[in-house]
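> Below is the structure I would like to discuss, written out as structure tokens.
The values are calculated or read from the model by the stated rules, or taken from the named source; none is laboratory data. As the structure is a computational prediction, the values presented were derived from the model and not from experiment. Using ideal geometry, Cβ is built from the backbone for each residue, glycine included, and neighbour counts are taken over all protein chains shown. To get the accessible areas, we keep the full protein, side chains included, count just its heavy atoms, and leave off ligands, DNA and RNA. Shrake-Rupley method; radii C 1.70, N 1.55, O 1.52, S 1.80 Å.
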Amino acid sequence: MTSNRPYLLRAFYDWIVDNQCTPHIVVNANYPQVQVPVQFVQDGQIVLNVSPSAANNFLMDKEALSFSARFSGQPMQVYVPVGAVLAIYARENGEGTIFSESNVEDEYTQDAEEVELETTEEEPTVSQPKAPSSSEEKPKKGAHLRVIK
């Protein structure tokens, strides 16, 4: 099966926008092919406002999301592969989700016989309301995402 990350990312984006909130994504700026303004990267991550009013010519597909925006008044084209998105949340209330940092997409590009996936009985972790930060603990092994409610 293909990765569910692009589908979940699109669903959370639509849900946040439909509820008149501002979607922000946390991006691993060191991920291959990421094109973001490096002057705003902190600890290898950048938070981007991807609301319809901030992201011009916004395009999100199964591979990546791209848009043009102004950073300190300078126009820039942004390109973020879906695997580089670590989280998506609403700025106003912190609701959204955190994706695991492991690149699940790469695991599914190989033949099933070549990949040994670990399986666990653990459920995804649910936490109290708060916006994601780079200092948060990583999800438990076997949990592919953590829901913030």
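> How many percent of the accessible area of region 4-102 is carbon or sulfur, using a 1.4 Å probe? It would help to have the intermediate numbers written out before the result.
Working: 2400 of 5030 Å².
Of the solvent-accessible surface of region 4-102, carbon and sulfur hold 48 percent.
> Amide H of V78 versus every other amide H placed in the peptide plane: which residues, excluding those fewer than 5 positions away on the same chain, fall under 5 Å?
Answer set, sorted by chain and number: F67, S68, A69.
> From the phi of every residue in region 45-50, what ³J(HN,Hα) in whole Hz does the Karplus formula 6.51 cos²θ - 1.76 cosθ + 1.60 yield, where θ is phi - 60° and glycine or proline is x?
In residue order, the calculated couplings are 10, 9, 9, 10, 7, 10 Hz.
> Considering only protein heavy atoms, what per residue accessible area in square angstrom results for region 4-102 with a 1.4 angstrom probe? Mind dumping the intermediate values first?
Details: 5030 Å² over 99 residues.
About 51 Å² of surface per residue is accessible.
> Please list the non-local residues whose amide H lies under 5 Å from the amide H of L86, H modeled 1.01 Å from N, same-chain partners needing a gap of 5 or more.
V26, V27, N28
> Using 0.36 nm per residue, how much length does the chain from M1 to S68 gain when fully extended, once their Cα-Cα distance is taken away?
Values: separation 67, 0.36 × 67 = 24.12 nm, distance 3.16 nm.
Result for the pair: 21.0 nm of gain on full extension.
> Give me the one-decimal nm value for the distance between modelled label points at Q33 and W15, 7 Å along each residue's Cα-to-Cβ direction.
2.7
> Continuing with this model, one more query. Could you give the size of the charge dipole of region 4-102 about its Cα centre, using +1 on the Cβ of each K and R and -1 on the Cβ of each D and E, expressed in debye and rounded to the nearest 20? Don't jump to the answer; show the numbers that get you there.
Numbers: 5 positive and 8 negative charges, 37 e Å.
The calculated dipole for region 4-102 is roughly 180 debye.
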